[in-house]
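Visitor: First the structure, which I've put down as structure tokens, then a few questions once you've had a look.
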Amino acid sequence: MPHSTAVESRDLRVSLGSRRRRVEVLQGLDLHIATGSITGLFGPSGCGKTTLMRCIAGLQHHSGDLRVLDSPAGSPALRGRLGYVTQSPSLYPELSIDENLAYFARLAGGRVDPGLLDTLGLAAVHENRVADLSGGQRGRASLGAALVGDPELLIMDEPTVGLDPVIRAQLWETFRGLAAAGRTLLVSSHVMEEAGHCDHLILLRAGRLLWEGAPADLLAGTGTRSYEDAFLAIIEQHEHPEHPEHQERSPR
Ligand SMILES: Nc1ncnc2c1ncn2[C@@H]1O[C@H](COP(=O)(O)OP(=O)(O)OP(=O)(O)O)[C@@H](O)[C@H]1O
Ligand SMILES: [Mg+2]
């Protein structure tokens, strides 16, 4: 039976920089990501989202415990079971979408599912060079490269940035379909309003966990109507917990 936890961390820490100037980029994260769910990773620029994703993908040295699909992060057992879409495009611009996908499928030891191009809305441009695609098409082609091996865990760093609202909505639908099929998705975004598409939210600030839970609880707990306002309210509560208004909402 598959484990119900896809990612689990205890006291996850990362420090980067030179020996003279060490920066604690992740400062002791205890996280739990359920299998078959969409987890949104939110927080201001520089809070550590990409660093956390790199840890889970096995690309970042860290301390503390980090288990991914029941193995320690970075272990060879995880090869081909994770897909990672990096923040900057990672396709070969001189190759076509087809050629890129075939290449990444070979790396993952799988084949390109014939329906994948349709799912990503790229069927009409699959022979085009990546260099000639629009920004949105390029983003979806990158996602395709991470999907070719049919990974159990899909880590996507700001996959919707710069996309128009229609394509963004289509992508979230695609993500929902993947989660319904039992895949686990970890998606980072700057756009707080995208929190509503997720099952679970992780809010980071300066390398620490600020808040985690269900989107509806974020709105209810802060008495706000937008995720943007909710996020600001959480920061405010965090910085000024002694304020009477916050004490009422979070009794000790
Ligand atoms: N090699 C490095 N040396 C020193 N500091 C680094 C290094 N790499 C990243 N950092 C710092 O670590 C912090 C977290 O960076 P990270 O890329 O994880 O943030 P992020 O939340 O993904 O930001 P963004 O939303 O802008 O993508 C930042 O303050 C960044 O400057
Ligand atoms: Mg980042």
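Visitor: How far apart, in nanometres, would the label points at D65 and A124 be if each is projected 7 angstrom from Cα along the Cα-to-Cβ direction?
Guide: Going from the D65 label point to the A124 one covers 5.1 nm.
Visitor: Rounded, prolate or oblate: which one fits the stretch 68-213, using the alpha carbon gyration tensor with axes a ≥ b ≥ c (rounded when a/c is under 1.5, else prolate when a/b beats b/c, else oblate)? All intermediate terms of the calculation are to be shown ahead of the outcome.
Guide: Values: a/c = 1.79, a/b = 1.27, b/c = 1.41.
Taking the square roots of the gyration eigenvalues as a ≥ b ≥ c, the stretch 68-213 is oblate.
Visitor: Give me the distance between the Cα centres of the stretch 15-91 and the stretch 161-211, rounded to whole Å.
Guide: Their Cα centres are 16 Å away from one another.
Visitor: Separation between the S18 and Y92 pseudo-spin-labels, each 7 Å from Cα along Cα→Cβ, expressed in nm?
Guide: 3.8 nm
Visitor: Please give the length that would be gained between E193 and A206 if that part of the chain were fully extended, namely 0.36 nm times their separation in residues minus their C-alpha to C-alpha distance (nm, one decimal). If you can, show how the numbers build up before the last one.
Guide: On the way: separation 13, 0.36 × 13 = 4.68 nm, distance 2.06 nm.
Result for the pair: 2.6 nm of gain on full extension.
Visitor: Sort 4-11, 162-169, 48-55 by packing, meaning the average of other beta carbons within 10 Å per residue, with the highest value first. Walk me through the numbers on the way to the answer.
Guide: Numbers: 4-11: 17.4, 162-169: 13.9, 48-55: 23.0.
Packing proxy ranking, top to bottom: 48-55, 4-11, 162-169.
Visitor: Additional query: Under a 10 Å cutoff between Cα atoms, tell me which one of G43, G221, G80 has the largest fluctuation in the Gaussian network model of the chain.
Guide: The residue with the greatest mean-square fluctuation here is G221.
Visitor: Nearest 10 degrees, 0 to 90: what angle lies between the long axis of helix 97-108 and the longest principal axis of the chain (Cα atoms)?
Guide: Around 70 degrees separate the two axes.
Visitor: On to the next question. Work out the charge dipole of the chain with +1 on the Cβ of Lys and Arg and -1 on the Cβ of Asp and Glu about the Cα centre, then indicate which of V166, P93, A141 is farthest towards its positive end.
Guide: P93
Visitor: Ok, one more. For the chain, what does the accessible surface come to per residue with a 1.4 Å probe? Please give it in Å². Each step should come with its number before you reach the end.
Guide: Details: 13090 Å² over 252 residues.
For the chain, the per-residue accessible area is 52 Å².
Visitor: Here is a further query. Quick one: 3J(HN,Hα) in Hz for the stretch 134-149, Karplus 6.51/-1.76/1.60 with θ = phi - 60°, rounded, Gly and Pro as x.
Guide: Rounded to whole hertz, the list is 6, x, x, 5, 5, x, 6, 5, 4, 4, x, 4, 7, 8, 4, x.
Visitor: Report in % the part of the accessible area of the chain that belongs to carbon and sulfur, leaving out ligands and nucleic acids; probe 1.4 Å.
Guide: Numbers: 6560 of 13090 Å².
Taking all protein chains in place, the chain shows 50 percent carbon and sulfur surface.
Visitor: For S4 paired with E242, estimate the spin-label separation in nm (one decimal), with each label point 7 Å from Cα along the Cα-to-Cβ line.
Guide: If labels sit at S4 and E242, their model points lie 4.2 nm apart.
Visitor: Hey, can you grab everything whose amide H is under 5 Å from the amide H of Y84? Only 5+ residues off in sequence or another chain; H modelled, so Pro and N-termini drop out.
Guide: Here I155 satisfy the definition.
The values are calculated or read from the model by the stated rules, or taken from the named source; none is laboratory data. Just so it is clear, the structure is predicted and the values come from calculations on it, not from any experiment. Using ideal geometry, Cβ is built from the backbone for each residue, glycine included, and neighbour counts are taken over all protein chains shown. To get the accessible areas, we keep the full protein, side chains included, count just its heavy atoms, and leave off ligands, DNA and RNA. Shrake-Rupley method; radii C 1.70, N 1.55, O 1.52, S 1.80 Å.
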